[in-house]
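FYI, it's all coordinate maths here, none of it is from the lab. This is a predicted model, so every value here is computed, not measured. Virtual Cβ from ideal backbone geometry, glycine too; neighbours counted across all protein chains shown.
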Amino acid sequence: MSKPIALQAYSYKDVESSISGPGGSFDLTEATGKEGIKISMQNEAGTMQEGADGSVMPVLVPTRAATLTLTLLKTSPVNGKLDALYRYQAQSSAFWGKNLITMTNPVTGDLDKFSNAAFQKMPDRQNTSEGPTVEWSFIGTWEPFTGAASI
């Protein structure tokens, strides 16, 4: 008889995230929307090359390029901090693309480093009857480590 698998609980309350770059360093988890923080790879790591005879060859693409989207409540004070950081960094290419965003969860052991991070653009503005959110997008290099996989 196999032993039952004990699953670990998850809470966004355990997630800690911050940004550090030219013009400032601060916590990002304050007043995030329920969508939180999402990181998506920009390209597929695995592709397939097909030969003339129909044979296939798997190809590993060495990519870590990604997009990080931070969703904040409209009233979050982090919006003002990110706005000031964007404006400071947009003054010169000497400041652009030099942010480091880290996200950790000490309970699950997850660690995400997002380096060479640059703002993708100023967020879209919306005003809705149900309370809007503000989405800040960054492009950069993603170094993920999922701690739960090693437990």
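Okay, here's what the table says:
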{"read-out": "Full-stretch length increase - Glu44, Lys74 - with 0.36 nm per residue and alpha-carbon distance subtracted", "value": "7.5 nm"}
{"read-out": "Sites matching GluC sites (Glu not before Pro) across the stretch 1-83 that sit in DSSP coil, with at most 15 neighbouring C-beta atoms within 10 Å", "value": "Glu30, Glu44"}
{"read-out": "Rounded tilt (10° steps) of 77-89 against the dominant C-alpha axis of the chain", "value": "90 degrees"}
{"read-out": "Residue-by-residue Karplus 3J(HN,Hα) for the stretch 115-130, coefficients 6.51, -1.76, 1.60, Hz, glycine and proline x", "value": "9, 6, 7, 10, 4, 7, 5, 5, x, 5, 9, 9, 10, 10, 6, 9"}
{"read-out": "Net charge of neighbours whose Cβ lies under 15 Å from the Cβ of Ser11, counting Lys and Arg as +1 and Asp and Glu as -1", "value": "-1"}
{"read-out": "Where labels lie 7 Å past Cα in the beta-carbon direction, separation of Lys113 and Glu35 in nm", "value": "2.8 nm"}
{"read-out": "Residues Asp110, Asp124, sorted so that the one with the fewest Cβ neighbours within 10 Å comes first", "value": "Asp124, Asp110"}
{"read-out": "Local net charge near Gly147, Cβ-Cβ under 13 Å (Lys/Arg +1, Asp/Glu -1)", "value": "-3"}
{"read-out": "Read-out mean projected area of the Cα convex hull in nm², derived from the coordinates shown; its label in (i) 10.6; (ii) 14.6; (iii) 8.6", "value": "(ii)"}
{"read-out": "GNM flexibility winner over the chain from Gly46, Gly140, Gly21 (Cα, springs under 10 Å)", "value": "Gly46"}
{"read-out": "Candidate lysines for bridging to Lys121, where Cα separation is under 23 Å - those fewer than 8 sequence places away on the same chain excluded", "value": "Lys34, Lys38, Lys74, Lys81, Lys98, Lys113"}
{"read-out": "Which of Asp53, Asp27, Asp83 has the fewest Cβ neighbours within 10 Å, and the rest in rising order", "value": "Asp53, Asp27, Asp83"}
{"read-out": "Translational diffusion coefficient (Stokes-Einstein; Kirkwood radius from C-alpha pairs) of the stretch 91-151 at 25 °C, 0.890 mPa s, in µm²/s", "value": "176 µm²/s"}
{"read-out": "Sequence of Ser129, Ser20, Ser137, Ser92 once ranked by neighbouring C-beta atoms within 10 Å, starting from the fewest", "value": "Ser129, Ser92, Ser20, Ser137"}
